Amino acid sequence: MTSPRSDILTQVIAACRPGHSLPRAAYLSPEVFAADMEILTRRWIFAGHISEVAAPGDWITAELGDESAIVVRGADGEVRALANVCRHRGSRICDAAGGHGSVLTCSYHAWTYHLDGRLRGAREMPEGFDPSAHGLKPLPITIIGGLIFVAFAPDPPSLDLAAPALEAMARLYDWPGARIALRRSYEVAANWKLVLENYHECYHCGPAHPEFSRLHALAAPGARVVSDKADALTGLADVEAWGPASDGAEVVRVMRSRLLPGFETGSEDGARLAPPMGEGGTRATGLCVFAELGFLSAFLAYPDHGVIYRFAPLSPLLTRMEMIWLVAGAAREGDDYDPARLSWLWDVTSLADKRIIERNQAGVKSRAYAPGPFSLMETGARQYVERYVGELAALARTGSNQHVQPLQAPEEGKGAPDRRGGGVGEAQVREAREKAP
Ligand code: FES
Ligand SMILES: [Fe+2]
């Protein structure tokens, strides 16, 4: 017997048309959103920059749906991810975005934990209570070129391809040694998939982003996006593992893109905004490198600054776009960069995106909406949708959240769980479509 939820998923999958945007229910339904969260919580998400946990005792939190992780540097210097759920009766432990302390304390009944997650103190517990069995649950964590990623299930996809590609880009621009210049977040009244589809196509750049289009080659139809000199200047290759996966690998994309003549970086007047970042900062002027890892994290390296996007689905019709601007570690605000000039391009671009995505959602809410065809300039969005449908098909096939295995607390002396996971692909999409009524 199938559950009502898997019926809805099966209907949505059956209504998907290749090369088209998704059926209406995919963007509106709470049941589909719940399925989306199962898909997303088992993939890698960007949690923060290494500079945020520079010293033992520094911690940050990273959230996705109902899940929350504490990323903390222990007394031993190791950076770990721990489920932000007290082992007493389940309270959230850390509420803030970040902090510092020698222990982690739950404010409900004051259980305290060592920075590595081991239970340190629990008052008035009965005889036989075993503190070693009540440590905070570890979560998969990996650090790639100064970028911290976590997952909320024990079997996130393999990073064998993604990690070296992202690492090469991050190291070229010395992102491990960077500092955070500013952050901003934008709440978009739209389903997360409309936000991400928009992020993955530049068909809208000409009409919606005059500022971006003045300097990025990507905005023009059929433009020569990659400069002839990109190989020599960056030493990086384009990497793409983006279509429906059958190998259990995490989504990754690294793409070099040239800026138009007269633009050294992503600034209003084309001039540099901050000191160069790493070797790429001096070698690769007039270029930028886009990278993505997983479903919700994107990175953009200009010669003198970096931009990180973290997309946070909050509810079926609400998504937060969280942005971080990076500069060289030695750069000083005021002397070396002006935050307003630094953020100009992606602030104006993100505000325009918020407007157009919210109008997109308004139209999709109407019963008159029907999935529409992607253009030749929307390949990225089409691939994103195909990948998503593949994941949804795999989830519908399992029929429940068996797809996500429960997290296990570590046995004494054992490390974090295995990080490799099983993938889904075209075959599963086909299978679900065939099974659909
Ligand atoms: S729930 Fe944390 S100490 Fe009680
Ligand atoms: Fe845009």
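The values are calculated or read from the model by the stated rules, or taken from the named source; none is laboratory data. On a predicted model such as this, the values are computed, not experimentally measured, just so you know. Note that we place each Cβ from the backbone using ideal geometry, even for glycine, and neighbour counts take in every protein chain shown.
Could you tell me whether any residue of the range 135-157 is among the basic types (Lys, Arg) and within 19 Å of Glu63 (Cα to Cα)? Taking every residue of the range 135-157 in turn, at least one turns out to be among the basic types (Lys, Arg) and within 19 Å of Glu63 (Cα to Cα).
There is at least one residue in the range 174-182 that is away from ligand 2 (no atom under 16 Å from the Cβ), in a loop (DSSP other than H, G, I, E, B), surrounded by fewer than 22 Cβ atoms within 10 Å (Cβ to Cβ) and touching a residue at least 60 places away in the same chain (Cβ under 8 Å). The sole residue among Glu268, Glu279, Glu292 that is assigned to a loop (DSSP other than H, G, I, E, B) and of a type in the set (D, E, K, R) is Glu268. Exactly one residue among Val150, Val188 is within 16 Å of ligand 2 (Cβ to nearest atom) and touching a residue at least 24 places away in the same chain (Cβ under 8 Å), and that residue is Val188.
Residue by residue through the range 270-300, note down the ones that are of a type outside the set (A, V, I, L, M) and free of Cβ contacts under 8 Å to residues at least 60 places away in the same chain.
Scanning the range 270-300 gives Gly270, Arg272, Pro276, Thr282, Arg283, Thr285, Gly286, Phe290, Glu292.
Scan the range 359-379 for residues that are buried (at least 17 other Cβ atoms within 10 Å of the Cβ) and within 16 Å of ligand 2 (Cβ to nearest atom) and the total you get is 5.
Just to be sure before I move on: is Asp76 within 16 Å of ligand 1 (Cβ to nearest atom), acidic (Asp, Glu), in a loop (DSSP other than H, G, I, E, B) and surrounded by fewer than 19 Cβ atoms within 10 Å (Cβ to Cβ) in the structure I sent?
no
A count restricted to the range 63-73 and to residues that are within 16 Å of ligand 1 (Cβ to nearest atom) and among the aliphatic types (A, V, I, L, M) stands at 1.
Within the range 62-114, restricting attention to residues that are over 15 Å from Ile141 (Cα atoms) and of a type in the set (A, V, I, L, M), which residue is nearest to ligand 2 (Cβ to nearest atom)?
The first filter runs over the range 62-114 and keeps only residues over 15 Å from Ile141 (Cα atoms), leaving 65-66, 75-76, 85-114.
Checking which are of a type in the set (A, V, I, L, M) leaves us with 75, 85, 93, 96-97, 103-104, 110.
Numbers: Ala75: 44, Val85: 36, Ile93: 37, Ala96: 31, Ala97: 26, Val103: 44, Leu104: 39, Ala110: 47 Å.
For the range 62-114, the residue satisfying everything is Ala97.
So how many residues does the range 251-271 have that are touching a Ser or Thr at 6+ places or on another chain (Cβ under 7 Å) and at pLDDT below 90? The total comes to 2.
Scanning the range 14-53 for residues that are in a helix (DSSP H, G or I), buried (at least 17 other Cβ atoms within 10 Å of the Cβ) and among the hydroxyl-bearing types (Ser, Thr, Tyr) turns up Tyr27, Thr41.
Report yes if His114 is in contact (Cβ under 8 Å) with a residue 40 or more places away in the chain, over 22 Å from Gly177 (Cα atoms) and not polar (S, T, N, Q), otherwise no. Answer is yes for this residue. Inside the range 89-131, residues that are part of a strand (DSSP E or B) and either away from ligand 1 (no atom under 11 Å from the Cβ) or loosely packed, with under 12 Cβ neighbours inside 10 Å (or both) make up a count of 4. The residues on offer are Gly278, Gly262, and the sole one that is more than 26 Å from the chain's Cα centre (by Cα) and on the phi > 0 side of the Ramachandran plot is Gly262. Residues that are part of a loop (DSSP other than H, G, I, E, B) and farther than 10 Å from Thr41 by Cα within the range 143-153 comprise Gly145, Gly146, listed in sequence order. Per this entry, Ala81 is counted among residues that are within 19 Å of the chain's Cα centre (by Cα) and more than 16 Å from ligand 1 (Cβ to nearest atom). The number of residues in the range 325-358 being buried (at least 22 other Cβ atoms within 10 Å of the Cβ) and not in a helix (DSSP H, G or I) comes to 5. Got a number for residues in the range 304-357 being within 25 Å of Ala271 (Cα to Cα), in contact (Cβ under 8 Å) with a residue 60 or more places away in the chain and not acidic (Asp, Glu)? Counting residues in the range 304-357 that are within 25 Å of Ala271 (Cα to Cα), in contact (Cβ under 8 Å) with a residue 60 or more places away in the chain and not acidic (Asp, Glu) gives 25. Only one of the numbered conditions (1) out of contact with any Lys or Arg (no Cβ under 6 Å at 6 or more places or on another chain); (2) in a loop (DSSP other than H, G, I, E, B) is violated by Ile60, and that is (2).
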